[in-house]
């Protein structure tokens with residue numbers, strides 16, 4: 001396959017995309033490693049909003065795993081299974097995420113209910129998503145979905 005064919009396929013995909021929801025927010029500085037808010041995305045209802053992080057949550061559930069588990073705990077019930085609409089995929093990071101003084105600070109934690117065991121799991125992932133989310137003004141991303149068709153969520157920033 002040549003590069004022209006690949007470029008044409010990508011252009012065709014982009015042409016079929018439909019913007020379902022746009023979310024604008026005020027960019028705030030990171031203070032002592034925290035933004036004090038999470039980004040909530042419900043793909044089923046096209047709802048996007050920010051939710052506050054309490055001082056209690058910051059003190060008791062420090063770090064990406066603590067935030068992710070607390071957010072999952074608040075979102076589900078004791079009967080929630082992995083494929084239920086209220087199950088969330090939480091991606092969270094700790095207060096030093098993105099600080100290049102610390103090795104491994106680009107990590108973030110993905111927390112959800114496992115499709116294999118139906119119990120909460122966490123997975124440590126690296127890359128740019130965690131630091132980019134932190135510097136975009138959020139301590140975690142919370143996604144809930146029961147889409148009626150194939151969906152994707154794209155985030156773009158104009159500054160920050």
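Throughout, read-outs are computed from the coordinates displayed, never taken from laboratory work. This structure is a prediction, so every number in the text was calculated from the model and none was measured. All Cβ positions, even for glycine, are placed from backbone atoms using ideal geometry, and neighbour counts span all protein chains on display.
Okay, here's what the table says:
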read-out: For the range 95-125 versus the range 18-47, the gap between their alpha-carbon centres in whole angstrom; value: 19
read-out: Full-stretch length increase - residue 65, residue 25 - with 0.36 nm per residue and alpha-carbon distance subtracted; value: 11.9 nm
read-out: Compactness of the chain as Cα Rg over 2.2 N^0.38 Å, two decimals; value: 1.13
read-out: Using alpha-carbon coordinates, inclination of helix 63-75 to the longest axis of the chain, degrees; value: 80
read-out: Value at 222 nm in deg cm²/dmol, rounded to 500, when DSSP H runs of n ≥ 4 in the chain each add -39,500 (n - 2.57); value: -7500 deg cm²/dmol
read-out: Relative contact order for the range 3-144, counting Cα pairs under 8 Å that sit 6 or more residues apart, in percent; value: 27
read-out: Ranked by how many other beta carbons lie within 10 Å on average, peptides 22-33, 54-65, 91-102, 114-125 from highest; value: 91-102, 54-65, 114-125, 22-33
read-out: Principal-axis tilt of helix 3-16 within the chain, Cα atoms, nearest 10 degrees; value: 70
read-out: Sequence ranges 41-47, 130-136, ranked by mean other-Cβ count within 10 angstrom, highest first; value: 130-136, 41-47
